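S.K.: Below: one structure in structure tokens.
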């Protein structure tokens, strides 16, 4: 998957009636090679709302990426994990826009049947911090139970792996979105 192919797939979504926020998640290397200016300009052209770049160093974000992302009104969302210190979480909250991506665990992404007590304690710890920005929980959201748990503990959920699997299977974003909603309604 190239950035050009991704942007061409995203281009018709708004015309097809998709109103959900569009958030891209990917690594720094393709963005760096495309160029920050060209990348964020193209995001704006296809109506992307934000980006998640897991390997973006915070200093590079503040010095190089944020000014260009702000120019195009694209939110750069930062991640926190159960291992992220309270100090770091507050620093991220004070220096970013949009929402905070709460990674549900330090493990790899993928389907989980439910969130265990340790994850619930993490969600509660972050909730008690009274952060300025809304939080979205991701990693492992793939069924009704994990979706409902995420919704109960944050502003919402991020569903990545399940969507990518459906996109690969169905070949187009809109049918994949429709299938995803069906899957999340089932018990």
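S.K.: I need the full set of residues from segment 127-140 which are farther than 22 Å from residue 24 by Cβ and touching a residue at least 12 places away in the same chain (Cβ under 8 Å), in order please.
M.R.: 127, 129, 131, 132
S.K.: Which members of segment 141-155 meet the condition of being touching a residue at least 24 places away in the same chain (Cβ under 8 Å) and closer than 17 Å to residue 125 by Cα?
M.R.: 149, 150, 153, 154, 155
S.K.: Can I ask one more? Given the conditions (1) at pLDDT below 95; (2) closer than 30 Å to residue 45 by Cα; (3) surrounded by 18 or more Cβ atoms within 10 Å (Cβ to Cβ), which single one is not true for residue 74?
M.R.: Status for residue 74: all satisfied but (1).
S.K.: Would you check which residues across segment 156-177 are part of a helix (DSSP H, G or I), exposed (fewer than 12 other Cβ atoms within 10 Å of the Cβ) and over 19 Å from the mean Cα position of the chain (by Cα) and list them?
M.R.: The first filter runs over segment 156-177 and keeps only residues part of a helix (DSSP H, G or I), leaving 161-170, 173-177.
Checking the rest, the ones that are also exposed (fewer than 12 other Cβ atoms within 10 Å of the Cβ) come to 168-169.
169 - this is the single residue of segment 156-177 that is part of a helix (DSSP H, G or I), exposed (fewer than 12 other Cβ atoms within 10 Å of the Cβ) and over 19 Å from the mean Cα position of the chain (by Cα).
S.K.: Go through segment 45-71 residue by residue and tally those that are crowded, with 16+ Cβ neighbours inside 10 Å and more than 16 Å from residue 100 (Cα to Cα).
M.R.: Number satisfying all stated conditions: 5.
S.K.: Could I ask something else about it? What tally of residues in segment 128-145 results from selecting those that are in contact with a helix residue (DSSP H, G or I) (Cβ under 9 Å, 6 or more places away or on another chain) and either over 15 Å from residue 99 (Cβ atoms) or in a loop (DSSP other than H, G, I, E, B) (or both)? Steps first, answer last, please.
M.R.: First pass over segment 128-145, keeping only residues in contact with a helix residue (DSSP H, G or I) (Cβ under 9 Å, 6 or more places away or on another chain): 129, 131-133, 135-144.
Subsequent filtering for residues that are either over 15 Å from residue 99 (Cβ atoms) or in a loop (DSSP other than H, G, I, E, B) (or both) retains 129, 131-133, 139-144.
Total satisfying the criteria: 10.
The values are calculated or read from the model by the stated rules, or taken from the named source; none is laboratory data. Note that the coordinates shown come from a computational prediction; the quantities given were computed from them, not determined experimentally. Positions of Cβ are backbone-derived with ideal geometry, glycine not excepted, and every protein chain shown enters the neighbour counts.
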